[in-house]
1. Work out the length of the dipole vector of the chain about its Cα centre, built from +1 on the beta-carbon of each Lys and Arg and -1 on the beta-carbon of each Asp and Glu, and round it to the nearest 20 debye.
2. So which trypsin sites (Lys or Arg not before Pro) in the stretch 11-114 end up in coil per DSSP with only 15 or fewer other C-beta atoms within 10 Å?
3. Could the peptides 5-12, 23-30 be put in order, highest first, of the mean number of other beta-carbon atoms found within 10 Å of their residues?
4. GluC sites (Glu not before Pro), restricted to the stretch 22-86: which are DSSP loop and have at most 13 other Cβ atoms within 10 Å?
5. Any chance you could run the full-extension gain for K18 through F37? It's 0.36 nm times the residue separation minus the Cα-Cα distance, nm to one decimal.
6. Give me the number: length gained by fully extending D108 to I128, i.e. 0.36 nm times residue separation minus the C-alpha to C-alpha distance, one decimal in nm.
7. Once Rh is set to the Kirkwood radius over Cα pairs, what Stokes-Einstein translational diffusion coefficient, in µm²/s, holds for the stretch 1-131 at a temperature of 25 °C and a viscosity of 0.890 mPa s?
8. Return the sequence-ordered ³J(HN,Hα) values of the stretch 112-127 in whole Hz as given by the Karplus equation 6.51 cos²θ - 1.76 cosθ + 1.60 applied to θ = phi - 60°, using x for Gly and Pro.
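Derivation of every value follows stated rules applied to the coordinates shown; laboratory data play no part. Model, not experiment: these values are computed from the prediction. Methodologically, a virtual Cβ is constructed for each residue, glycine included, from the backbone with ideal geometry; neighbour enumeration extends over all protein chains shown.
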Amino acid sequence: MPVARSPEDICLQSASPKEKSFFLAVLCALARIDGDFKAGELRYIKELARRMKAEMSPQVFACSPEDCCRLAAEINNRRLALELIKNMFILAYTDNDFTDSEGRFICDIGDALHIEPQKISQISSWIIDQIIWLEQKALIFEDTPQKGAVDNAKR
């Protein structure tokens, strides 16, 4: 029996190689923006690359935030652009420390992708709600989180 793919995975996998590379480069730039590229952030990006069926070339680690904003116009698929913003928020919360610089960069990329501030706010709220629900679940069912609620939110 074939494994059903989620709409998110279908969107990510159908992106062009150039879009996939840009997507990963933006996430790497976000992970570096607070000055500390953490192991959990790298794990998240590598797992996403696997789900996307994308290569993690050295170039994805070299894109500056300014270059990422300039290149954002190359993503013309709105669903892929929204997936990028969603994954940026998930990545920003992996270390449980959402910084002003991360928030500004997400907004800058959203502007470059022509995503409305209200839509960016909706995505942020949805991710936060998901984290809260997963934390409540852990309390209710007396789970001992091994990877944390944010790791589960990305699923």
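1. Working: 20 positive and 24 negative charges, 140 e Å.
Charge dipole of the chain: 680 debye, to the nearest 20.
2. Values: sites: K18, K20, R32, K38, R43, K46, R50, R51, K53, R70, R78, R79, K86, R104; in loops: K38, K53.
For trypsin sites (Lys or Arg not before Pro) across the stretch 11-114 that sit outside H, G, I, E and B with at most 15 neighbouring Cβ atoms in 10 Å, the list reads K38, K53.
3. Values: 5-12: 14.1, 23-30: 24.1.
So the peptides 5-12, 23-30, ranked by packing, come out 23-30, 5-12.
4. Values: sites: E41, E47, E55, E66, E74, E83; in loops: E55.
Sites meeting the loop and neighbour criteria: E55.
5. Working: separation 19, 0.36 × 19 = 6.84 nm, distance 2.33 nm.
The K18-F37 span can extend by a further 4.5 nm.
6. Numbers: separation 20, 0.36 × 20 = 7.20 nm, distance 1.99 nm.
Working it through step by step, the gained length comes to 5.2 nm.
7. Working: Rh = 14.7 Å.
Translational D for this selection: 167 µm²/s.
8. 5, 8, 6, 9, 5, x, 4, 5, 4, 5, 4, 5, 4, 4, 5, 5
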